[in-house]
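Some notes on the structure that comes next.
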Amino acid sequence: MSDNQAQNTVSPRPNGGWARSRDKGFYLLWFEFLKISPSYELARRLRAGSWSPADEARKPADFDRVLDVYDDLGDIRALNFQDWWQQTAVNFFGYRSLKPSVARLGTLRHNANEQAQQQFRNMQKYLDDLWNRQGEPTSVVLSVPLGLTKAQVTRQVLQWIAKYPEADRLTNTMLPKYRLDGQKLDSKSLFRYVMCVWVRAQFPKMPLWRVGVYANLSSTYSNRLRAVVKQETNDQPDDCAALKVLTSRAVSRAILIAENAARGCFPSYRKLDHATSVDWGDMRIAVKHRMNVDEATYGKRMKPRSTGLIVEQGN
């Protein structure tokens, strides 16, 4: 390839962008928490024209924030994640640029001094075109002797990259509108929290400790009490009391995370002055819609791996 040739001929996407696989898993959780947010459900009703006096009474003081998020992310009640991601979410959660990739800027040979001007032109073209369309990510300019082995190249390149802080590796001037909050993200805990709400909504009369068992909330108490669920008598009241407290906290935390998500912040359980209270009848309907989407998408209703509890109850 001649150094005078274009470095890359990829065209930018007209819409949307890209997201790291790890982040996309958390956007799936964001999607699930929006489905259980009371405020987000109120926004859906308002935009759908099904607003009632009871809804007006529950409307939070910061409802405009929720409406802004809803107008971006839309009605998700009857959607699966993949459809929502492709149709809507990628435009707001994805980096609005080409996905960064390694680019060849030129070749240095024994007569490099005579090629200097051409290398400068290659660099300028790269900066003006591909680098710009990739969101101007922080990049390392290295010289890679072609005589090195693949192992040598890999080791030495990784050593150079390791010298840069994590923040430099994520630099992108075309940032998504909505980004994850915080650095220490725990997807397993988030999933257990939302699972507690699903079970609680479907079985409103179930004791909270049982909800914790079926949601597999605690590696200690849920496993220990799994056998108790099948018994008519409870011979571990202390464990049940402890799991009841954990489950109550998990449900409260899940709702708070959902309410923050409806305001464009996830995952966060910061206290909100204007969070909407939960109507468990509405929540049951929301969970039922979610299960119907699962059945339409996967041919079956999704169940907790550990127990297989979640089944449809009669109305």
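Just a few scattered comments:
- Relative contact order for the range 35-112, counting Cα pairs under 8 Å that sit 6 or more residues apart, in percent: 27
- If R0 is taken as 41 Å, the Cβ-Cβ distance between K177 and N292 corresponds to a FRET efficiency of 0.90.
- Segments 258-267, 116-125, 152-161 sorted - mean Cβ within 10 Å per residue, highest first: 258-267, 116-125, 152-161
- Of the peptides 244-250, 185-191, 92-98, 37-43, the ranking by mean beta-carbon count within 10 Å, highest at the top, reads 37-43, 92-98, 244-250, 185-191.
- Distance (nanometres) between label positions extended 7 Å along Cα→Cβ at S52 and Q118: 7.5
- For the range 59-209: accessible area per residue (Å², 1.4 Å): 63
- Over 19 Å between alpha carbons, listed pairs K35/K205; K35/K184; K24/K288; K99/K177; K184/K244: K35/K205; K35/K184; K24/K288; K184/K244
- Cβ crowding within 10 Å averaged over residues, with 78-89, 198-209 ranked highest first: 198-209, 78-89
The values are calculated or read from the model by the stated rules, or taken from the named source; none is laboratory data. Everything numeric in this text was worked out from a predicted model, so none of it was measured. For neighbour counting, all protein chains shown are included, and Cβ atoms are generated from backbone atoms with ideal geometry for every residue, glycine included. Side chains are part of the model used for accessible areas, which takes the heavy atoms of the whole protein and leaves out ligands, DNA and RNA. Shrake-Rupley method; radii C 1.70, N 1.55, O 1.52, S 1.80 Å.
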